[in-house]
Amino acid sequence: MNFNLSQIPERIRKPRKSGITMIMDKGLSQQEVRNFMSIAHPHVDIVKLGFGTSYVTPNLREKIEVYREYDIPVYFGGTLFEAFLIRNQFQDYIDICKDYGINHMEVSDGSITIPHAEKCGYIEKLTKYGIVLSEVGSKDAAHIIPPYKWIELMKAELEAGSTYVIAEAREAGNVGIYRGSGEVREGLVQEILTQIPEEKIIWEAPQKAQQLYFIELIGCNVNLGNIAPTEILPLETMRVGLRGDTFHLFLDKENAS
């Protein structure tokens, strides 16, 4: 860091397995990625190429290579996985990941219905090719999953080989673990945490208030996802108590003046 400040909470160092920040890239250009990485790479752990944007992105290989220069893993959004799957092109999806050197893969069922045993089967198969992140929760706001079911699904997917389970929120942060207003479904979150290790969950938290909630609940090393590239430095300051929202969170009350 640029200065010496006491009472800064200790962030796990990269490469980290918890305390990770997953960025959602919804269409940055190759030059924008280079500019973004020049300032933000110490704070970025994984990049998701959102939904199906990788299909329509010009110079995709070159763009991925810029992230690779900074040792940042990239993966295709879960919606793309579902698009291959519904077209009976699961093997093609594997081949595409190999071709582009993608070794992180997301298995989701937010847009299509997949029997859960079958979903776990895909997770198990993909673990042979890399690290699997599986998403739990529906993109349909009308489809409310009770807490016991979230826990059941997450446990099964971790047992099938997922390195992380992602708690669905969409890029807007208004479904899944959130109400339509963006408010956290606190009872759901806290019940999940009674059964699922916090370091195994990536909470999609695109909104500032959502990020703050999880930092206050779990601490500076909570796993957060669907963060906009422009929010990576603001989020990192919030993680370490250098933003108004968390300014007093990590201070020793007796010694702070």
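Laboratory data are not the source of any read-out in this text; all were calculated from the coordinates shown. Since we're looking at a predicted model, the values are computed, not measured. Reconstructed Cβ throughout: ideal geometry from the backbone, glycine too, with neighbour counts over all protein chains shown.
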What percent antiparallel are the DSSP beta bridges of the range 39-188, to the nearest 5?
-> 10
Net charge over other residues, Cβ less than 11 angstrom from the Cβ of Leu28 (K, R count +1; D, E count -1) = +1
Listed residue pairs exceeding 29 Å between alpha carbons, taken from Lys98/Lys200; Lys98/Lys208; Lys17/Lys63; Lys125/Lys208 | Lys98/Lys208; Lys125/Lys208
What is the Cα centroid distance between the range 190-257 and the range 37-92, reported in whole angstrom?
-> 25
Where a ≥ b ≥ c are root eigenvalues of the Cα gyration tensor, a/c under 1.5 meaning rounded, otherwise prolate if a/b exceeds b/c and oblate otherwise, the chain counts as oblate
Please give, to one decimal in nm, the separation of the simple spin-label points placed at Glu152 and Glu65, each 7 Å out from Cα toward the Cβ.
-> 4.9
Of all DSSP beta bridges in the chain, antiparallel share, percent nearest 5 = 5
Fully extended, how many nm does the chain gain between Gln7 and Asn88 (0.36 nm per residue separation, minus their Cα-Cα distance)?
-> 23.8 nm
Based on the mean of other Cβ atoms within 10 Å per residue, sort peptides 185-193, 104-112 so the most packed one is first.
-> 104-112, 185-193
Could the peptides 156-163, 60-67, 114-121 be put in order, highest first, of the mean number of other beta-carbon atoms found within 10 Å of their residues?
-> 156-163, 60-67, 114-121
Expected sort for Phe81, Phe36 with the fewest Cβ neighbours (10 Å cutoff) up front is Phe36, Phe81
